[in-house]
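Please treat every number below as a calculation from the coordinates, not as lab data. For clarity, every value in this text was computed on a predicted model and none was experimentally measured. Note: ideal-geometry Cβ built from the backbone for every residue, glycine included; neighbour counts use all protein chains shown.
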Amino acid sequence: MAGKNKKQTTDNGLAAGPAVAVGGPDDKNELLNIKGLVIKFHTDDGIVSAVNGLDLKLNAGETLGLVGETGAGKTTTALAIMGLIDSPPGRIHDGGIVYKGRDLLEIKEEEYLKIRGKEISMIFQDPMTALNPVMTVVDQIAEVIENHQGVDGREAEKRATEMLKIVRIPPERAHEYPHQFSGGMKQRVVIAIALACNPSLLIADEPTTALDVTIQAQVLEMMKDLRKEFNTSMIMITHDFGIVAETCDRVAIMYAGEIMESGTLRDIFKDARHPYTIGLFGAIPNLEVETEYLYQIEGLMPDPMELPTGCPFSPRCAYAEELCRKEGPGKTVLPGEDHIVKCHIHAGALETKEIRRDMGI
Ligand code: SF4
């Protein structure tokens, strides 16, 4: 509802205003600041544009939900933060990943080895493939502790057993192998490995997708408790708004390698402005409304080898006009300074001033 905005700034040249990275205004508290990140994969079939000028900011102690459809570039972004983009075929073409004031793209691999797993950890989507099948679970946790905390094997094992207790796995099962554990317990072991060195930043890449629903709830609850206990900042990658509502302070909506909208949990859940975000909420079935068909956003995410010119959402957007197909929108900062949207409507450049919200939002 652009018409309601009292103050807006854009960086697309359509109106004056500063470029603002996605995130809160408290820079003293800033833990991670990704600026203009561009990642492409150079394959035999062509160039895959996976991340296209992504800005993302995370303050200390915060949980940010990174939401988007499969193929939006969420995992590629996470792997870039971890310094795990395989090159070739991946190549970071532009941008910076500033963590605690240092650009991770500028540091050497030896330095990264000290950060990865200690300062920044990641929980991967599928616990079935994240663990080593021929090592006991306690040894897998102890290995990380030994590598990063400079303690001997016995002390590392003691601490690893403590970690197992923290993730509610009885110590008597410490010397068992992953195949002896259920999916939920395996994911607890993965979480124990990720938290073993008390990282400042935890990236959870759809940590409950591979689990059944009741186990999902338990694992999420445990993650929330541990995040508080360990005072860890977190990026929660998901396509599930329920998980975001349960765990996150702020939300960034990703589409075709860009952040389309970001803001506080309230901004996104109660006052979404981007046609894509509104469409995503509209696609959540409403149990109180009787309907023959569920709403869906028409079309598919664009092929990252052939991204459209202009706004990447334009082929699917009901509000797209000529300008959208020619020129990508810049960022518009909505009142409150923490709610940012990339859309020509909110920059005041289109005839349309209001987006319909009768899709269940
Ligand atoms: Fe739709 Fe245009 Fe806004 Fe893109 S810029 S979301 S195409 S209205």
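Since only 29, 54, 314 are under comparison, the one whose Cα sits farthest along the positive direction of the charge dipole of the chain, derived from C-beta charges on Lys, Arg, Asp and Glu, is 29.
Computed from phi, the 3J(HN,Hα) profile of the stretch 179-187 under the Karplus parametrisation 6.51, -1.76, 1.60 (θ = phi - 60°) reads 5, 8, 10, 6, x, x, 5, 4, 5 Hz, with x in place of Gly and Pro. Given 40/186; 74/100; 158/186; 57/158, which pairs have Cα atoms separated by over 27 Å? With Cα atoms farther than 27 Å apart: 40/186; 57/158.
Rounded if a/c is under 1.5, else prolate if a/b is larger than b/c, else oblate: which is the stretch 112-168, with a ≥ b ≥ c the root eigenvalues of its Cα gyration tensor? Oblate shape, in that a/c is at least 1.5 and b/c is the bigger or equal ratio. For the residues 340, 92, 259, a GNM of the chain with alpha-carbon springs under 10 Å puts the largest fluctuation on 92. In the chain, the calculated helix contribution to ellipticity at 222 nm averages -8500 deg cm²/dmol per residue, counting -39,500 (n - 2.57) for every DSSP H run with n ≥ 4.
Remark: relative contact order (the chain) = 23 percent; criterion is Cα-Cα distance under 8 angstrom and separation of 6 or more residues. Note on the chain: with a GNM built from Cα contacts shorter than 10 Å, the maximum mean-square fluctuation among 90, 101, 263 falls on 101. Distant-in-sequence amide contacts of residue 61, defined by a placed amide H-H separation under 5 Å and a gap of 5 or more residues or a different chain, comprise 233. Here the Karplus curve 6.51 cos²θ - 1.76 cosθ + 1.60, taken at θ = phi - 60°, turns the phi angles of the stretch 321-328 into couplings of 10, 3, 4, 4, 7, 9, 9, x Hz, with x standing for Gly and Pro.
Only beta bridges with both residues in the stretch 162-293 are counted; by DSSP, about 55 percent of them are antiparallel. The residue 158 and residue 182 beta-carbon pair, evaluated with R₀ = 25 Å, returns a calculated FRET efficiency of approximately 0.50.
Using the Karplus relation 6.51 cos²θ - 1.76 cosθ + 1.60 with θ = phi - 60°, the per-residue 3J(HN,Hα) values for the stretch 138-144 come to 5, 5, 5, 6, 4, 4, 5 Hz, with x marking Gly and Pro.
Averaging the sequence gap over all C-alpha pairs within less than 8 Å and six or more residues apart, then dividing by the number of residues, gives the stretch 175-284 a relative contact order of 19 percent. In this Cβ point-charge picture (+1 for Lys and Arg, -1 for Asp and Glu), the chain has a dipole of about 780 debye about its Cα centre.
Inter-part distance, the stretch 246-304 to the stretch 153-169, computed on C-alpha centroids, equals 40 Å. Using a 10 angstrom cutoff on alpha carbons, build the Gaussian network for the chain and name the most mobile of 158, 342, 57. Residue with maximal mean-square fluctuation among 158, 342, 57: 158. Once C-alpha pairs closer than 8 Å and six or more residues apart are averaged by separation and normalised to the residue number of the stretch 54-174, the relative contact order reads 14 percent. Take every DSSP beta bridge whose two residues both sit in the chain; close to 65 percent of them are antiparallel. Counting every other Cβ atom within 10 Å of each residue's Cβ, 350, 58, 334 order from fewest to most as 350, 334, 58. Taking amide H atoms as placed 1.01 Å from N in the peptide plane, the amide H of residue 53 lies under 5 Å from those of 37, 38, 39, each 5 or more residues away in sequence or on another chain.
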